[in-house]
1. Which residue, of Asp47, Asp89, Asp57, is surrounded by 12 or more Cβ atoms within 10 Å (Cβ to Cβ) and modelled with pLDDT of 95 or more?
2. Give me a count of the residues in the range 62-82 that are part of a loop (DSSP other than H, G, I, E, B) and either surrounded by 16 or more Cβ atoms within 10 Å (Cβ to Cβ) or of a type in the set (Phe, Trp, Tyr) (or both).
3. I'm trying to understand the selection: among the residues of the range 83-100, which are part of a loop (DSSP other than H, G, I, E, B) and polar (S, T, N, Q)?
4. Name the pairs whose Cβ atoms lie under 9 Å apart, with the first residue in the range 53-65 and under 14 Å from Ile91 (Cα atoms), the second in a helix (DSSP H, G or I) and at pLDDT below 85, and 6 or more positions between them or separate chains?
5. Taking Asn50 as meeting all but one of (1) of a type outside the set (D, E, K, R); (2) farther than 17 Å from Ala33 by Cα; (3) in contact with a Leu (Cβ under 7 Å, 6 or more places away or on another chain), write down the number of the exception.
Amino acid sequence: MLAKGKVMASLYALFFLSLYGDIPTVSFFKCNAMEVTVNQQNYIVPDDCNVQVLLSDVLHQYAQGLAVAINETIVPKTQWETHSLQSNDNIIIIKATQGG
């Protein structure tokens with residue numbers, strides 16, 4: 001797994017490259033990339049990305065009160081660190097709120 005700083009540097013570089021057409025594999029960062037959809041928005045993530053990395057490093061979300069489903073299957077919080085994302089995964093993140 002890449003260190004947090006390397007993941008962020010790779011993601012920024014991939015974002016920059018994505019502005020100019022197709023997203024190539026960036027071997028300079030020793031990181032292949034893939035595209036996933038989160039709540040109907042596309043993101044470029046490292047190919048070794050898991051649910052925990054997606055939430056913390058990519059989306060900057062705290063795990064408290066979140067539920068995650070990937071391809072219409074709920075992923076328990078206990079599996080977030082071990083559940084690897086796949087290219088073209090459709091991810092839904094739901095945040096619990098209070099109110100009536």
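1. Asp89
2. As a first pass, look at the range 62-82 and keep what is part of a loop (DSSP other than H, G, I, E, B): 62-65, 71-72, 76, 80-82.
Next, only the ones that are either surrounded by 16 or more Cβ atoms within 10 Å (Cβ to Cβ) or of a type in the set (Phe, Trp, Tyr) (or both) stay: 62, 80.
So the count comes out to 2.
3. Within the range 83-100, Gln86, Ser87, Asn88, Thr97, Gln98 qualify.
4. Val53/Lys4; Val53/Val7; Val58/Val7; Val58/Met8; Val58/Leu11
5. Among (1) of a type outside the set (D, E, K, R); (2) farther than 17 Å from Ala33 by Cα; (3) in contact with a Leu (Cβ under 7 Å, 6 or more places away or on another chain), Asn50 violates only (2).
The values are calculated or read from the model by the stated rules, or taken from the named source; none is laboratory data. This is a predicted model, so every value here is computed, not measured. Because the Cβ atoms are built from the backbone with ideal geometry, glycine has one as well, and the counts that use them run over all protein chains shown.
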